[in-house]
Amino acid sequence: MTEKTELTGYDLSLLKRALAIAVAAIERAPPQFKSVSTQYDMNELLGRLVESDDELILYVDQAREIVGGGAD
């Protein structure tokens, strides 16, 4: 078993970005590939990891741009 480490700095930033991109991708997925519960859980985790609403908005807007949805 590997040693567990606390995510900080760049690792934490990568995780936040990955979660935001995953949520944005699920939003745009065809119905047969959508998992509402997974999307909800990812959103909840992302919300716990960010430090402010402004930071959350930044990650979500960037993620929507990345997956081609544009910012709302």
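Only the coordinates and a few stated rules stand behind these numbers; no lab work does. None of these values were measured; they are calculated from a predicted model. Reconstructed Cβ throughout: ideal geometry from the backbone, glycine too, with neighbour counts over all protein chains shown.
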Residue in region 51-61 that is surrounded by the most Cβ atoms within 10 Å (Cβ to Cβ), counting only those that are farther than 12 Å from ALA25 by Cα and within 10 Å of the chain's Cα centre (by Cα): TYR59
Helices (runs of 4 or more DSSP H) (entirely within the chain) containing at least 1 residues that are in contact (Cβ under 8 Å) with a residue 40 or more places away in the chain and charged (D, E, K, R): 9-28, 53-66
Residues being loosely packed, with under 10 Cβ neighbours inside 10 Å and under 15 Å from the mean Cα position of the chain (by Cα) - total across region 11-43: 2
